[in-house]
Structures are given as structure tokens and as C-alpha cells.
1. Does B:Glu188 meet the test of being assigned by TED's automatic domain parsing to the domain that holds B:Ala296, over 14 Å from the mean Cα position of the chain (by Cα) and not in a loop (DSSP other than H, G, I, E, B)?
2. Pick from the range B:242-272 the residues that are in contact with a Ser or Thr (Cβ under 8 Å, 6 or more places away or on another chain) and assigned to a helix (DSSP H, G or I): which of them is nearest to the other protein chains (Cβ to nearest Cβ)?
3. Suppose we filter the range A:77-99 for residues that are over 18 Å from A:Ile120 (Cα atoms) and more than 9 Å from every other protein chain (Cβ to nearest Cβ); how many remain?
4. Quick check on A:Leu141: is it assigned to a helix (DSSP H, G or I) and at the interface with chain B (Cβ under 10 Å from one of its Cβ atoms)?
5. Can you give me the number of residues within the range A:34-64 that are in a helix (DSSP H, G or I) and either in contact (Cβ under 8 Å) with a residue 60 or more places away in the chain or within 21 Å of A:Asp148 (Cα to Cα) (or both)?
6. If I filter the range A:102-118 for residues that are modelled with pLDDT of 90 or more and more than 9 Å from chain B (Cβ to nearest Cβ), do I get at least one hit?
7. Is there a residue being at negative phi, in contact (Cβ under 8 Å) with a residue 40 or more places away in the chain and away from chain A (no Cβ under 14 Å) anywhere in the range B:199-206?
8. State which residue pairs qualify: first residue over 21 Å from A:Val147 (Cα atoms) and inside the range A:66-84, second residue at pLDDT 90 or above and aliphatic (A, V, I, L, M) in any location, beta carbons under 8 Å apart, and separation of 6 or more residues or different chains.
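The values are calculated or read from the model by the stated rules, or taken from the named source; none is laboratory data. A quick note: this is a predicted structure, and the numbers were derived from the prediction, not measured. Counting neighbours? That spans all protein chains shown, and the Cβs are built from the backbone with ideal geometry, glycine included.
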Amino acid sequence: MFTLPFSVTLLSLLTVLFFLGFGQRVLDRMRLTDSEAVIILLVMIAGHFLPTISLTSRAALNLGGLIPLGVASYLLVTTSNVERRRAAGVTLITALLVFLTDKLLPLQPGLLDPVFSAGIFAGLAATFWGRSRRSAFIAGLLGVFLVDLAGMVQLWLQGVQEEITLGSGGLFSSMVVCSFLAVIITEVIGEVREAIHLGGNRDG
Amino acid sequence: MGKAQRMALAAICLFLALSSAAASDDAWGEFLPTGEYYTLLGPDDQVLLETGRRIYLEDQYLTADNRLYEVVEVDDEAQIARAKLVAEIELKLTPWQELRRELGLTVIEAADPDTTRGTIALYHTHNAESYVPTDGTDSIYGKGGIHQVGAAFAEALRDRGVTVLYSEQLHLPHDRGAYRRSRETVVELMSKEPDAIFDVHRDAAPQSAYAIQLEDQWMTSIQFVVGRQNQNLGVNRKYAESLKKLADDMYPGLVKGIYYGRGNYNQDLSPLSLLLEVGAHTNSRPAAEKGATLFAEVVDHYFYGPTAEAARGSRGRAASRSIVGLIVFVSAGAAAYYVVNAGGFSAALERLKSSLRLRPRR
């Protein structure tokens, strides 16, 4: 029996709608058209419901993980060569920093939560490398994926016989959360820098 | 070969090299050094806690006798922290249905609560954790002794009629990225709508820190860990305190305390999510299994026993609070949407000013 009143259910629905709108605006900031942004968002939501399949006795793949990877590939293919190189560089830096912090910082999450660290690194790296929101988004996605891939290779080399799952496309997965977080960080830092640069002179 | 391809190739080589380095050497600090732990001292230098968990400033600890301390000084070299007494807490038992309603979540209740029990989910973020006296080592790469403790916990719940979703998904390598990988497991478990989720761990502390004698048997006590950096902290705190209150009534000493630490431990995904430390690596695994089995009784009592039963009928108050919370939440989302939509803070401010400006009447 559902015990919540209609008003609360309606407010929950509104919350979802606001955040879908927010996600769409973030994607818009990467020079995607409205329809492209909405389609990418819907596809990512669909990824949340896809299952995990066993590839071998030691490797499984979450099919939902293919969707963010597809989105990253699409963003890479539909941009210029300069932007593509920049995105690859930012992704590499992000993955390297996440990998090192995973290994060198204490086991328990304290400072720099591992769930969000890729988003922070991708956002900062993209800001300092051309303030590219598209690079930030791609690095947030692929940075996490590359570190997971490195972890899988490490386990294979160590001879772990158990099944390891790669990738997840869930809306609340680190990959997806970090991609949006990276764009927001790039955007916020850019805005603050602009405000400081203008020094309160709105006319420039 | 183009520049982009060369960069991609370099990336793959770099990661393969780093993975190989990590595989061949533990110098990356993957494992907690055996025998190292933090000691938390109270105002009179009394030992409040010994734990393998790193202690940060402003972390809090609720002791077995319900005194809440806050960390005011940490010496990482000596691995000693000092805490001040914040308050003596009188724990309150809040039914779980009320906690869910506080967050605006739906509660689906069985038509016949006496015969139908719900679902509890269990998983292990740190799969390798093991118990030295019986497993022979503190860490088994793959499924460590902690999986058998999880299985004992699951079995004890099933024996009481509870449906258990027990995920043995691996989140290796055993590094801090494990919480990022276990997030996927939590999301997958949540899609099956369990009433609560437990992440089962063991601590790294001296044997005496967790060994207790209950019902003429030696077993390990259990410590709860609640992440301070999650938006569900208020509800998580009430939930942890409710379970401790009930455990104190049923099996005094079984729950040794609640640690409120820095981090979120994926508790942002669910308000009824708790990290359990079932003993330490210095305790025997059967002792940890006994502790987990007794704790299963507490969980069953809280979710499907007299505690849940007493909660039926008191709904209006919780629902009104959930509306206020949601309004605040929606307002924050709307403000963020407005700023991004306008193209930045300054543009948003301009747009807001112009829309508020009164137009002269003709």
C-alpha cells in the first residue's frame, strides 16, 4: 500500500523533471543541439536498466556501460581534431590522477572521495587545458573506465580466478556522475574567472 | 600513424605498465599494514576506540555507553587521535518506516505483516578482508573470510524468514577505488528494492577491541560506520542509533559503537544503508560469524518484528516533514537550472533583475 500523499508524489516527479532539464542544459553547454542533448540523456537513462552478461569465466560486462562509452565516442567523432586531441589528453591526465590517488591515498574514503575524484580531476584538467566542457565530459566518463580497465588487467596478471565485472551505465554510477560533475566544475571556474577578470564591470 | 593514434597507444601502454607495477608490488599501499591502527583517546586519556580506519578531525564516535565524542586532534605519525566529549545521548528508537517517509520515500507495507517479511541486501566492498587466526592471513585476494561472515549473516536472516539479496560481486583491487566499484553493486541491489542495505567489513584492530562474551560464548562485537559526507546523514544517524538502541536492549555490548567518519561510503544512495565492522583481523572468523548471527536477530526485530509493528498508524507528522525537505530540494534544483539555462551567474542575475523590474503603466 502506497502511503505517500499525492502532493509528495507530484513534487518527486517535479524534482526528476528539473534534474532532467539540468542534465540537458549541461549537455547543451558542449555545443550539442537540444535534440542531441535530450537523446543522449534518454539513452543514458536506458543504460540504467541494462543487465550484466558473462563474457568468460573471469570477465563480465555491464551492458549499461556501453552506453556512456558510445556517448563518449559520439562526442569524440563529432568534434574537431584539436578538440579530439585535447579530450584524449584530459582523459589521460584524469585516469592517471585517479589511478594514483586510488593507490596512494588511504584505503578509506576521506579527503577526495573516490566516487567523485574523476569528475574533479577531469573538470580541473579541462579548465586549464582550453576550458573545454566537451573534454571535461569525455574525461569524466573515460577516466573512470580506463582506471577500471587497468584494475581488471591487474587482477588478470595477479591470477584472480573470480569473475570481474567491467563498466556500468547506471545514472548514479561514478562514470555518469563524474562526467556531469566535470562539466559543472569547468563551467563554475570559468564563470568565476570571468567575473574576476571583468572586476565588476558588466559592460566589459 | 596520426598524433591522436600515437596518444591513444601511449595511453594503453601507460596503463598496462601501471597495472603490471601494481600487480607485482604492494608498495602502492593497497593493504593496511598488519598491526597498525589508530587509537582514539578521550579527555582523560582513556582509550575510546582502536581501529584500522584513518581518523580525521571532526569525526565523531558514539561509544557503547552512548557518549558522543568529537575528534579535536590527530597525530598521523603516532596514529593517535584525541576527542572531546560532546554529549551523553539518550538513544531513541525510530521505526524505519518513519525514516523513509522523512525523505519522501514510499513505504510499501505487506498486507499481513505477521507472515510476510521483506528483503535485506548484503554486499562486501572489501572482498579480500580476512581473519588471521582462522584464515591464516588478513587478506585473501578474491573472496576473503569476510564472505563467510556475510554468508552466516544472510543464513541467520533467511532462517527468520527474511528474503536476502546477498551479492558476492568482487570490487578488487583492494584499494580506495573499491568504493567506486561497489557503487555499481549498490545501485544494482537497490533496483530490487530491499528495505535496507548492509556493507559487511571487518576492522584492523587488536583482538581485545572487538572480543566480547555474550550468552556464555565468545564472539565479536559489531561497529557501525556512518559517512558524514552524504545528504542522508540525518536519517542515517537516526537509523544507526535506532539499531544500536535495540541491540543494547536485546544483547548489551553486541554493538560497540557508531563511528561517524569522513566520506560517504555510498550511503548517499540509500538512507537505510549501513557499514558494519564485524570484528577485526585479529579475531577468529567463527567468532565474527556468531556476532553477525546475533545481529541478524536485531535486524529482523527492527524491520519486521515489534518495532515495525509499533510504527503503524503514525504517518501524518513524517509526511509533512518530507514535503518541506522536498520543497527545499526542488528549489535548489530549480536555482541551478536557472543559472545554467541563463548562461552563467551574471546572466542569471541580470535576467532575474529585469524580470523583477516593474514596467511603467501606459
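1. Numbers: assigned by TED's automatic domain parsing to the domain that holds B:Ala296: yes; over 14 Å from the mean Cα position of the chain (by Cα): yes; not in a loop (DSSP other than H, G, I, E, B): yes.
Against the criterion (assigned by TED's automatic domain parsing to the domain that holds B:Ala296, over 14 Å from the mean Cα position of the chain (by Cα) and not in a loop (DSSP other than H, G, I, E, B)), B:Glu188 qualifies.
2. Selected residue: B:Ser242.
3. Selection size over the range A:77-99: 6.
4. No, not satisfied.
5. Count: 5.
6. For the range A:102-118, residues modelled with pLDDT of 90 or more and more than 9 Å from chain B (Cβ to nearest Cβ): absent.
7. Restricting attention to the range B:199-206, the residues satisfying the condition of being at negative phi are B:199-206.
Right, trim to in contact (Cβ under 8 Å) with a residue 40 or more places away in the chain and you get B:199-206.
If we keep only those that are away from chain A (no Cβ under 14 Å) as well, we get B:200, B:206.
Yes: one or more hits.
8. From residues that are over 21 Å from A:Val147 (Cα atoms), the pairs are A:Thr79/A:Ala87.
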